[in-house]
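So the structure is just underneath, and the comments pick up after that.
The values are calculated or read from the model by the stated rules, or taken from the named source; none is laboratory data. Source: prediction; values computed, not measured. Please note: Cβ atoms are built from the backbone with ideal geometry, for glycine as well, and neighbour counts cover all protein chains shown.
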Amino acid sequence: MLVAGLALPYSHGTALAVFTAGAAFTLVFAIWRTGGLWQGERDATATTAVLYLPTVAGSFVSATVAAALGYPDWGQLAFGAGLFAWLAIESVLLHRLLTAPALATALRPTLGIQLAPAPVGAVAYLSVTQGQPDIFVHALIGYGLLQALVLLRLLPWLRRQPFAASYWAFTFGATALAAAPLRLLAHGDTGAIATLAPVLFVATNLVVGVIAIATIGLLVRGRLFERSLSIPPQAPAPGLP
């Protein structure tokens, strides 16, 4: 779907075809995966921020690209699906983090996904709405900033897992946290957003740059695709082979 957005300036038809295929697959997978989860019989320790990806990330990206293609009404439906799925899943995830055993060391970088829903939702909201920025989009960015600060506080705990490709989990939310204020500036926003936008832009480029350089280092050393042995085996969720 993101590739469809990139293709849009060159060919609306190609972009629409790519987006339709991506959105359809995302919706079907989200329904299938969610149906499996609703059957229960899961170990609470298997709950990670990865749960956001099918329904929350998929819906927000669908909303953003649908609006860019000229279908903001469909985008609003997708935004609603992602918003309420996010609120529901976050409550489950936070309960697991607060009450169940700590995440396995190798799974800790997946917490980077926790940064994504609020700023990605802000980008989607700006895509499907018109007019001046409002308190809701400011609130989304504020919550994203809070998540970023909590993750920064957890960095020593997260870094017990040596750098691996899983650290790319931080980049989706980080780039959205920089992109949303830039979009707000384009909408004429001022004040706190104007102050934060350049800071977040620089910080995001540093985060992505460091992760990219570290990834190249792993690739050069032939360690990028090493399999971690520190994750305890989990029983498959219902509906999965």
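Below, the figures for the structure above:
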read-out	value
Options Thr190, Thr195: the member that is part of a loop (DSSP other than H, G, I, E, B) and either of a type in the set (Phe, Trp, Tyr) or more than 20 Å from Ala57 (Cβ to Cβ) (or both)	Thr190
Residue ID - nearest to Ala66 (Cα to Cα), chosen from residues in the stretch 16-48 that are out of contact with any Gly (no Cβ under 7 Å at 6 or more places or on another chain) and small (Gly, Ala, Ser)	Ala23
Test: residue in the stretch 88-106 that is touching a residue at least 40 places away in the same chain (Cβ under 8 Å) and within 19 Å of Ile193 (Cβ to Cβ)	no
Count - residues of the stretch 106-121 that are of a type outside the set (A, V, I, L, M, F, W, C) and either within 11 Å of Gly173 (Cα to Cα) or under 8 Å from the mean Cα position of the chain (by Cα) (or both)	5
The lone exception for Thr171 - which of (1) at pLDDT below 95; (2) outside any loop (DSSP other than H, G, I, E, B); (3) closer than 21 Å to Ser127 by Cβ it fails	(1)
Inter-residue pairs, beta-carbon under 9 Å, first among the acidic types (Asp, Glu) and in the stretch 1-26, second part of a helix (DSSP H, G or I), 6+ apart	none
Among the residues listed as Ala212, Ala178, the single one being assigned to a helix (DSSP H, G or I), over 30 Å from Gly131 (Cβ atoms) and at pLDDT 95 or above	Ala212
Output for the stretch 45-100, where each listed residue is under 13 Å from the mean Cα position of the chain (by Cα) and acidic (Asp, Glu)	Glu90
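Residue-by-condition table, conditions (1) modelled with pLDDT under 95; (2) in a helix (DSSP H, G or I); (3) surrounded by 12 or more Cβ atoms within 10 Å (Cβ to Cβ):
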site: Tyr10; (1), (2), (3): no, no, no
site: Thr14; (1), (2), (3): no, yes, yes
site: Phe19; (1), (2), (3): no, yes, yes
site: Ala24; (1), (2), (3): no, yes, no
site: Leu27; (1), (2), (3): no, yes, yes
site: Trp32; (1), (2), (3): no, yes, yes
site: Gln39; (1), (2), (3): yes, no, no
site: Thr45; (1), (2), (3): yes, yes, yes
